[in-house]
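Structure first, then comments.
The values are calculated or read from the model by the stated rules, or taken from the named source; none is laboratory data. Being a predicted model, the structure only gives us computed values, none of them experimental. Cβ coordinates were reconstructed from backbone atoms using ideal geometry, including for glycine residues, and neighbour counts include every protein chain displayed. To get the accessible areas, we keep the full protein, side chains included, count just its heavy atoms, and leave off ligands, DNA and RNA. Shrake-Rupley method; radii C 1.70, N 1.55, O 1.52, S 1.80 Å.
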Amino acid sequence: MATTANFDSDDEEFYGEMASIGSPKFDTILTGSPLNNGSVPRGFTMLAIGNQGAGMDLFAKQFAAVAEDSENTILVSTAESQAEILSLYKRYDWPTDIMVRTMGEEYNQNVLERDLQASKFRLEGFSMEDIQRLAQTRFVENEVHDYLTDLTSQMTSLPQYFRAAVDNLDFFFARNDTSRVISMLRMIQAHTQLQRGVLLLNVSSDMVDKSVERQLYAICDIVMEFEVGMLGTDFETRMVIRKFRNGPENLKAISFRVTKDEAITPETVDRIA
Amino acid sequence: MMPSAHYQRDRCVTGITGLDEILRGGIPYGSTVLVAGTCGSGKTTLCMEFLTNGARNGEACAHFSATEPSVKLLENVRQFDFFDMRMVDQGLINVFDMDVLFSWLGMTKSTFELSDIDAMVKSITDIVNTIGVTRLVIDSVTTLCYKIPSEQLIRDFLFKLGKALATLGCTALLVSEITSSGAKAYWSSFGVEEAILDGIIVLGDVERMGHLLRFVQVVKMRGTSHARAKYALELTPKGVMLTPMLKWGAVND
Amino acid sequence: MIELDFGIAQQLAEEASPSSAIQVRVGTSNSELVIASMLQPLITEFGMRGVYICASRSATEVIQTMERVGIDTTGIQFIDSVSSGFIGGTEVPYPNIRFVDSPIMLESIMLQTLYHLGEKSDTGNFVILDSVNALSIYNEERMLAEYLHTFINTFRAREVLTGIINVPDQTPPGVLANLDLYCTDLIDRGQVVIH
């Protein structure tokens, strides 16, 4: 991994020092403004933490949809399929040519396929072709793929000014030792900082304990807690910015709603209780 | 129980110099025999020679390797003149890695359940039945039994396997690793194999003035009379060779 | 230069058969001569191939001695049970030597011999055991007697001519008695012991 980076002046001019958080209205509420290209300093890693159903997965897609350069933008999803993501992107008229990696789908396919094959052999037995293949197979095939290393490798190979979103880290915490996940995230964060990328990481609050939460808070430059609660008969969703490195004025709670046109957008009208 | 002098069971002739004489013609067809031995006693070589001699006669043979990778096994056995790699290429000797079989059957846990044992027996039986295997070696059954959590399940496994192989007319050698071949030795690691199986052939070492001499001894073989003395065993390029052990030789074990 | 004892060749030609077990008595100073005189006709005149079991001296020494006399030993397989007893003894330039760890491992010697004899040749095979006296250093009398009994019977059954070298006045009585009893022929160039 490189320890220094040289940046092209044209790129510096094009990308600027700030990146959009995913919505111009959010950018305006935070320190930046659309004129500055956004509210998130280039090189920042953001953490979105909250309960299921609080809107983090849509937020991640919206963040990726900014896609200053589609070829340099990646969305990693561990819970949805390519088809589902594509459908949503079309609904909001977001660019569909970004890189999308559905690790959850891949994992399910590999594991389920292996389990299905094993069941078939157990029930139906081996055909002559199976036996011949078995006699020629000297090594165990398809050892469990290390998706954490795969993620780290993919992220740390992204070029300068990349935009990436990982929805979500629960998949990796469930299958790997916590310390290993944290270690990999540090590497990814360092790469993001060095290459002036912007990175969003989602995690469910009930997936990690307090000590892991603290470590994630320490790694990330911006921490947003997503909350959903009942207000009367309606759901109220809000984002609480708990941490904003070098931007304490951005610590605030922002209520938001999901619209058909703008997806997650901050509410500008106060509710009358 | 001694066999009637008028009835002789059909024999699987091992082709191993001296062993067929000890067994009065060979192993009775369809028997499942425990080949129990200490480390380095020649179990794998004896079993491979058994298979190779069958393949030379046109029989389909199968080797299930659980202790060492088949790549290594084949590399080691190639040094012997009796072995011809073409037999493997032509499918006369089929070598299977047990860890590959386990992964194909989804047996990835550290211990086996009853369903896993049934799956293992069924898959071995399938292979024997489909190819028409008449000679089979499992090396070693000890490695498999370590994953079976109870003696009762081990007993079930061996009984089911032996019954299935006998029904299909397949003569099988199951290798067992033991730690001592002396007077106080068990012929099996788990204490149950020797009672279930049809025969027991023990390989080990006797110490004579600081030197170790390999020996083989047929302790049990159902369906035939057999010599019960110890025979000295030598591993030559031609394979296993046996000669009676001197009676007045040193007997330190 | 050793002058061979042609009487031995004559005796072999007139009296020995392919399944003969010959007790070859030698003295302490004429063993090389006797052995050479025996090997020469077996290899050259009768065209036999065979195995030489070395328990007295190393196979290298035997080969060099025979070569000095002009006997070609390339057709003989040597089983050397001596050289493993000292470090560096097995590093030899001859391809026709097999090593057994010790003269104690009598069964190994037997099996190696049987292996190297292989299939019966048309011109016959021979086995020379050199010598009983050396084996008696390492093996108890009863075991050695049993071994020789088995040895002789095994090779006689296979129609292999055996020559068993011994210095009679240094051979244990029980062993000597067995040799007298089971050997079919005697080449006597040793000192006769009268009990």
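Just how large is the dipole of the stretch A:12-92 about the Cα centre, in debye to the nearest 20, putting +1 at every Lys and Arg Cβ and -1 at every Asp and Glu Cβ?
Charge dipole of the stretch A:12-92: 360 debye, to the nearest 20.
Within chain A, what's the longest run with no chymotrypsin sites (Phe, Trp or Tyr not before Pro) in a DSSP loop and at most 15 other beta-carbon atoms within 10 Å? Give the range, please. Walk me through the numbers before you get to the answer.
On the way: sites that count: A:Phe7, A:Tyr92, A:Phe139.
Value returned for the longest uninterrupted segment is A:140-273.
Take the residue pairs B:Lys122/B:Lys238; B:Lys43/B:Lys230; A:Lys210/B:Lys109; A:Lys210/A:Lys243; A:Lys61/A:Lys243; B:Lys147/B:Lys230 and return only those whose Cα atoms are more than 26 Å apart.
Over 26 Å Cα-Cα: B:Lys122/B:Lys238; A:Lys210/B:Lys109; B:Lys147/B:Lys230.
Projected onto the charge dipole of the protein assembly as shown (+1 at Lys/Arg Cβ, -1 at Asp/Glu Cβ, origin at the Cα centre), which of B:Pro244, C:Asn30, B:Leu174 gives the Cα projection farthest towards the positive end?
B:Pro244
What does the convex hull of the Cα atoms of chain B come to per residue, in Å³, rounded to a whole number?
With only Cα atoms used, chain B gives 130 Å³ per residue.
What net charge is computed for the residues neighbouring B:Ile22, neighbours being all others with C-beta under 14 Å from the C-beta of B:Ile22, Lys and Arg scored +1, Asp and Glu -1?
On the way: positive: B:Arg11, B:Arg24, B:Lys220, B:Arg228, B:Lys230; negative: B:Asp20, B:Glu21.
Local net charge: +3.
Could you pull out the trypsin sites (Lys or Arg not before Pro) across the stretch B:87-147 that fall in loop regions by DSSP (anything but H, G, I, E, B) with no more than 15 other Cβ atoms inside 10 Å?
Numbers: sites: B:Lys109, B:Lys122, B:Arg135, B:Lys147; in loops: B:Lys109, B:Lys147.
Sites meeting the loop and neighbour criteria: B:Lys109.
Taking the square root of 5 times each eigenvalue of the Cα gyration tensor, what semi-axes in Å does the equivalent ellipsoid of the protein assembly as shown have, largest first? Display every interim value, and only then the final one.
Numbers: eigenvalues 1372, 180, 84 Å².
With the √(5λ) rule applied to the protein assembly as shown, the semi-axes are 83, 30, 21 Å.
Per DSSP H run of at least 4 residues, take -39500 (n - 2.57); add these up for the protein assembly as shown, divide by its residues and hand me the 222 nm value, nearest 500 deg cm²/dmol.
About -11000 deg cm²/dmol.
Given +1 on the Cβ of Lys and Arg, -1 on the Cβ of Asp and Glu, and no further charges, what dipole in debye does the stretch B:11-244 carry about its Cα centre, rounded to the nearest 20?
Values: 22 positive and 25 negative charges, 119 e Å.
I would put it at about 560 debye.
Checking the a/c ratio against 1.5 first, then a/b against b/c, what shape does the Cα gyration tensor give for the stretch C:19-188?
The shape class here is rounded.
What's the average, rounded to a whole number, of partner chain beta-carbon atoms within 10 Å of each residue's beta-carbon in B:208-218?
3
Just to be sure I follow the definition: excluding the sites themselves, where is the longest run in chain A that has none of the trypsin sites (Lys or Arg not before Pro) in a DSSP loop with at most 10 other Cβ atoms within 10 Å?
Value returned for the longest uninterrupted segment is A:1-259.
Among B:Tyr29, B:Tyr146, what's the order by accessible area (1.4 angstrom probe), most exposed first?
B:Tyr146, B:Tyr29
Let me know the whole percent of all Cα-Cα pairs from the stretch A:15-146 that are separated by more than 20 Å. Intermediate results must be reported in sequence, preceding the final value.
On the way: 5240 of 8646 pairs.
That fraction is 61 percent.
Using the Kyte-Doolittle scale, find the helices of chain B whose mean hydropathy is at least 0.0 and whose Cα atoms extend 18 Å or more along the helix's long axis, counting only whole DSSP H runs.
Going by DSSP H runs, the hits are B:114-131, B:151-167.
Quick one: pull the percent of accessible area on the protein assembly as shown belonging to carbon and sulfur, 1.4 Å probe, ligands and nucleic acids left out.
Summing carbon and sulfur atoms, their accessible area is 50 percent of the total for the protein assembly as shown.
What does the net charge come to around B:Leu168 if you take all other residues with beta carbon closer than 14 Å to its beta carbon, with K and R at +1 and D and E at -1? Present the calculation step by step, with values, prior to reporting the outcome.
Numbers: positive: B:Lys122, B:Arg135, B:Lys160, B:Lys163; negative: B:Glu59, B:Asp126.
Residues close to B:Leu168 contribute a combined charge of +2.
Once the convex hull of the C-alpha atoms of chain A is built, how many Å³ does it hold per residue, rounded to a whole number?
Given the Cα convex hull of chain A, per-residue volume reads 182 Å³.
Using only protein heavy atoms and a 1.4 Å probe, how much accessible area in total is buried between C and B, to the nearest 100 Å²?
Numbers: alone 9340 and 12210 Å², together 19800 Å².
Answer for the C-B pair: about 1800 Å² buried.
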